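Working notes, beginning with the structure itself.
The values are calculated or read from the model by the stated rules, or taken from the named source; none is laboratory data. Treat the numbers as computed from the prediction; the structure is a model and nothing was measured. Accessible surface areas use protein heavy atoms only, side chains included; no ligands, DNA or RNA. Shrake-Rupley method; radii C 1.70, N 1.55, O 1.52, S 1.80 Å.
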Amino acid sequence: MEIIASQIKPHFIYNVLNTIWYLCEKDPARAQQAIDEFSEYLRGNLDALNLDDTVPFTWELNNIKNYLKLEKLRFGDELEVIYDIETTEFRVPALSVQPIVENAVKHGVCASEEGGKLVISTRENAKDYEIRVFNTGAMYDPHSRGGNKEIRSHVGIRNSRERVRLMCGGTLHIASTDDKGTTVTIKIPRKNRNKKHREKG
């Protein structure tokens, strides 16, 4: 959970506050809306520190949407966001998908001068629930041993993978191709139950 707290990046907060400051003069109504979205984003991240159970995917998706609304303020049309949500009737570890989305924006879409596309989708089948986060960039080099920024990214991904595995019995897989982009796939078994759920059952 301390790792989760460290993922609330100071530069992101600084950039959001700068954007809101600019909107206060140019578009006060949008500035007020941005403050609401920013408050919800911070509340969701901080509330997660007190959770030791999984959360409904709708909770995670709401945090993701607040984050992406704030990023759209900065990047505008350079960041295209598509939601292709077919199911939300499952649970995930708190803030396990959001770091994937944040990395996709930072290292994939917004690393390109032309911007790019981010697609978040969910599906279900007889065995599991599937979450996919696709972006048209490279996201990051999973084998890189670069500077601190890359190491922090790896820590966030590794943390998400381990919590999905330990709390849900699920998996996280990354596939990247130079000409198409990067897809992160999380699979949550339909019968997943973390320890607390078993005790209640």
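Only protein heavy atoms count here; on that basis, with a 1.4 Å probe, LEU17 has an accessible area of about 90 Å².
Placing ILE13, ILE64 in order of accessible area, with the largest value first and a 1.4 Å probe, yields ILE13, ILE64. Using a probe radius of 1.4 angstrom, the carbon and sulfur fraction of the accessible surface of segment 1-125 is 51%. Is the shape of segment 29-98 best called rounded, prolate or oblate, per the rule: a/c under 1.5 gives rounded, else a/b larger than b/c gives prolate, else oblate, with a ≥ b ≥ c the square roots of the Cα gyration tensor eigenvalues? It is oblate, given that a/c is not under 1.5 and a/b is not larger than b/c. Taken per residue, the accessible surface of segment 1-115 reaches 52 Å², heavy atoms only and a 1.4 Å probe.
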